[in-house]
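Following: one structure in structure tokens, then a few remarks.
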Amino acid sequence: MTTRRFSDLPEYAFPRLRALLAPHEPGGPEIAMSIGEPRHPLPELLAETLARHAHLYNKYPPIDGTPGWREAVGAWLIRRYGLAEGALDPDAQILPLNGSREGLFSAALALASGEKNGERAAFLLPNPFYQVYAAAALAIGAEPVCVPATEASGWLPDFSTVPQDILRRTTFAYYCSPTNPQGAVASLDALSQVMALAETHGFTVAFDEPYSEVYRGDPPAGALQAVAAGAADPERVLVFNTLSKRSNAAGLRSAFVAGGREAIGAIKRLRAYSGSPNPIPALHAAEALWRDEDHVIENRRLYREKYALADEILGGLPGYHAPEAGFFLWLDVGDGEAGTVHLWRESGVKCLPGAYLGRGDPRFIGGENPGARFMRAALVETPEVIRPGLEAIARLLKEQEGQTP
Ligand SMILES: Cc1ncc(COP(=O)(O)O)c(C=O)c1O
């Protein structure tokens, strides 16, 4: 039941999509492009390692994981971001999460205040955004401030445009790169600028990086690189990552948060009361996956095939931009809800209206929801499955321009 505290939260995106499409018959067999659930094969390591440790399901797991898991995640972070050996103390600076979604929520509960300087606190969010960010703000009584991440701002939120009276009362911010849904990547410089703003105004930033391993060109920069370069007090910065996209293991619910000792200590204290620890067999499986890059390289190869397919079918059409990373297309179709219904009726392709991932915020771009014109399409199925989906999207984009051949 919705409580008063959460009554500002709209219905979640997927029930809204079901309600939108329910009155309409699909124009063909369903082509699933709405949900960001990886469909590539699971690494064999996963089942093998789980099976080998299945006898440990009888144990209550420790909230901070196993020493092997912590060591594996710490070593991955150092390798991936070229950090100095010893830059992170895995025992004090890394915690396991049951998927990053719940961690993004509970970290804010542990660290942020609902009030600052005698005023209601503000949480800065990108807009559109991953929906748990707003729930976390409301949970502590803070005001979600949704900062547009549009083409004009390079598909990233520019927090420096937030009015001073809001920055003064900001206690927490979420910043996602590579972005869902636009597929943009923040430069090291952009990450450092967010940190500089956090230093000036005294807030904490949760850097949400679940798509860090799914990219086209060079590996995206990570927030820990900016911390290593001295951009902020490490206590202001939290980094979240997950095996859901990197290893196609969304159902394992295995992720981590890394950050300053005090911040991680505070999150751990709260989680000792209310957190749900990862089962020990799952920690062993996760350890094996973080130590292995071969399956990640293969995964990226499969996504790169699909970036190429999207470029081939949609390249040059109005409303399409090639994503740099992640596995979504963010398509300007003029009216995302109408486009989604049209595609479904015409060809059975199921996408998600961009409006369901954004909010109108009266303080920015005239209060419009920056997702309203857009539709999100996930490149998770095989190229054979998504090809006809992309062709149907191409027809829609051409119709937008009145260019139907
Ligand atoms: C931007 C973003 N953050 C976080 C998550 C949560 O991932 P998980 O809870 O599976 O680790 C997702 C999942 O789709 C996401 O798109």
On the basis of being modelled with pLDDT of 95 or more, buried (at least 17 other Cβ atoms within 10 Å of the Cβ), over 24 Å from the mean Cα position of the chain (by Cα) and in a helix (DSSP H, G or I), does Leu397 make the cut? yes
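Under the condition of being hydroxyl-bearing (Ser, Thr, Tyr) and open to solvent by 20 Å² or more (accessible area, probe 1.4 Å), which residue from segment 101-138 is nearest to Leu270 (Cα to Cα)?
Within segment 101-138, the match that is nearest to Leu270 (Cα to Cα) is Ser113.
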Based on this model, can you work out whether Glu293 counts as touching a Lys or Arg at 6+ places or on another chain (Cβ under 9 Å) and free of Cβ contacts under 8 Å to residues at least 24 places away in the same chain? yes
Gly202 versus (1) more than 19 Å from Ala136 (Cα to Cα); (2) surrounded by fewer than 23 Cβ atoms within 10 Å (Cβ to Cβ): which is the lone unmet condition? (1)
Unique residue being touching a residue at least 40 places away in the same chain (Cβ under 8 Å), within 16 Å of the ligand (Cβ to nearest atom) and among the hydrophobic types (A, V, I, L, M, F, W, C) when the list is Leu156, Leu111, Leu124, Leu138: Leu124
Asp91, sole failed condition from (1) open to solvent by less than 50 Å² (accessible area, probe 1.4 Å); (2) touching a Lys or Arg at 6+ places or on another chain (Cβ under 8 Å); (3) not in a strand (DSSP E or B): (1)
Those helices (runs of 4 or more DSSP H) lying entirely in segment 249-365 with at least 2 residues aliphatic (A, V, I, L, M) and farther than 24 Å from Ser212 by Cβ: 261-274, 294-314, 336-347
Filtered residues of segment 171-192 (kept if farther than 29 Å from Pro353 by Cβ and touching a Phe, Trp or Tyr at 6+ places or on another chain (Cβ under 8 Å)): Thr171, Leu191
If you scan segment 212-229, which residues turn out to be out of contact with any helix residue (DSSP H, G or I) (no Cβ under 9 Å at 6 or more places or on another chain) and either among the acidic types (Asp, Glu) or more than 16 Å from the ligand (Cβ to nearest atom) (or both)? Gly217, Asp218
Given (1) of a type outside the set (D, E, K, R); (2) within 16 Å of the ligand (Cβ to nearest atom); (3) open to solvent by 50 Å² or more (accessible area, probe 1.4 Å), number of the condition Ile267 does not satisfy: (3)
Which residue pairs have Cβ atoms closer than 9 Å, lie 6 or more positions apart in sequence or on different chains, and pair a first residue in segment 193-204 that is acidic (Asp, Glu) with a second residue that is surrounded by fewer than 22 Cβ atoms within 10 Å (Cβ to Cβ) and in a helix (DSSP H, G or I)? Glu199/Arg236
Take the conditions within 17 Å of the chain's Cα centre (by Cα), within 12 Å of the ligand (Cβ to nearest atom) and open to solvent by 30 Å² or more (accessible area, probe 1.4 Å) and apply them to Tyr175. Does it pass? no
Is it the case that some residue within segment 5-16 is within 15 Å of the ligand (Cβ to nearest atom), touching a strand residue (DSSP E or B) at 6+ places or on another chain (Cβ under 9 Å) and modelled with pLDDT under 95? no
Restrict the check to segment 328-339 and report whether at least one residue is closer than 23 Å to Arg216 by Cα, aliphatic (A, V, I, L, M) and under 23 Å from the mean Cα position of the chain (by Cα). yes
Residues in segment 366-384: is at least one of a type in the set (A, V, I, L, M, F, W, C) and surrounded by fewer than 21 Cβ atoms within 10 Å (Cβ to Cβ)? yes
Looking at segment 211-248 only, could you name the residues that are assigned to a loop (DSSP other than H, G, I, E, B) and open to solvent by less than 50 Å² (accessible area, probe 1.4 Å)? Tyr211, Ser212, Glu213, Val214, Gly217, Pro220, Ala221, Gly222, Ala231, Ala232, Ser247, Asn248
Would you mind finding the one in Leu88, Leu46, Leu83 that is of a type in the set (A, V, I, L, M) and within 16 Å of the ligand (Cβ to nearest atom)? Leu46
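The values are calculated or read from the model by the stated rules, or taken from the named source; none is laboratory data. What you are looking at is a predicted structure, and each value in this text was computed from that prediction instead of being measured. Neighbour counts are summed over all protein chains in view; Cβ atoms, including those assigned to glycine, are modelled from backbone coordinates with ideal geometry. For accessibility, only protein heavy atoms count, side chains too; no ligands or nucleic acids. Shrake-Rupley method; radii C 1.70, N 1.55, O 1.52, S 1.80 Å.
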